[in-house]
Amino acid sequence: MEHDFLPDEWQQFYADCVNCRACSLGELRQNAVVYRGALNAPLFILGEGPGEKEDLQGRPFVGRSGHLLDTLLQAIDLPLDQVHIGNIVKCRPPGNRVPTEAEATSCEPLLTRQFDLVKPKIVLLMGATAYKYFTGQSDPITKIRGMWQRHRGMDVMPTFHPAYVLRNNRHRLPLYDDLLAVKKRLESTLLEEKNHEQV
């Protein structure tokens, strides 16, 4: 298994996710869905929760939504070694329903540890649920998508969830535009850091 080759702190984190029973979702899932992508990445892409394919494979965004996300990331030429992908909750809610507040709260300590390990500069929140549970705000995603915010010391961009775009194709271009804006902000942030280090 690929997680056997993780650094010690990541192995411990992964094991804690697998063994977590803080809410009932831990009893119902096939696999804990922890992450995919780079371990230390300047961009953290955060969704709401695993679906059926994610639950079976133990990796986030591997179904149709993940395929669309990967296609868009490739289209904007965003290097995958700069991206870490995860979810608000690590276990699949039954029937792919939205995670409850109690479930999100139960998973919050693990998510906080994940952010501490990844150390991202920018967070892309995919969908209203990720936005609500990450920021504590409940603005409609149609009102705030594409608008930069600041939370927990990081630049945050809310956008549509790929699953929503698959059902509403007219929103594909706005999602693409948001990803492009994230890439530009990421490049600018990394360039500033590099220049600062050279001073």
Are any of the residues in the stretch 150-166 under 17 Å from GLY49 (Cα atoms), surrounded by 19 or more Cβ atoms within 10 Å (Cβ to Cβ) and aromatic (Phe, Trp, Tyr)? yes
Out of contact with any Ser or Thr (no Cβ under 6 Å at 6 or more places or on another chain), crowded, with 21+ Cβ neighbours inside 10 Å and hydroxyl-bearing (Ser, Thr, Tyr): does that describe TYR131? yes
How do the strands (runs of 3 or more DSSP E) wholly within the stretch 120-199 filter down when requiring 2 or more residues that are touching a Lys or Arg at 6+ places or on another chain (Cβ under 9 Å): which remain? 122-126, 154-159
Failed item in (1) farther than 27 Å from LYS183 by Cα; (2) modelled with pLDDT of 95 or more; (3) surrounded by fewer than 17 Cβ atoms within 10 Å (Cβ to Cβ), with LYS119 passing the rest: (1)
Mind listing whichever residues of the stretch 57-102 are within 16 Å of ASP178 (Cα to Cα), hydrophobic (A, V, I, L, M, F, W, C) and part of a helix (DSSP H, G or I)? LEU68, LEU69, LEU72, LEU73, ALA75
Looking at the stretch 2-28, which of the residues that are under 19 Å from the mean Cα position of the chain (by Cα) and surrounded by fewer than 17 Cβ atoms within 10 Å (Cβ to Cβ) is modelled with the lowest pLDDT? HIS3
Output for Cβ contacts, cut-off 8 Å, separation at least six or different chains, first residue without any contact (Cβ under 8 Å) to a residue 40 or more places away in the chain in the stretch 144-161, second among the charged types (D, E, K, R) and assigned to a strand (DSSP E or B), reads TRP148/ASP155; GLN149/ASP155; VAL156/ARG150
Taking the stated definitions as given, is GLY49 over 27 Å from LYS194 (Cα atoms), surrounded by 16 or more Cβ atoms within 10 Å (Cβ to Cβ) and touching a Ser or Thr at 6+ places or on another chain (Cβ under 9 Å)? yes
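The values are calculated or read from the model by the stated rules, or taken from the named source; none is laboratory data. Note that the coordinates shown come from a computational prediction; the quantities given were computed from them, not determined experimentally. So basically every Cβ, Gly included, is an ideal-geometry build from the backbone, and we count neighbours across all protein chains shown.
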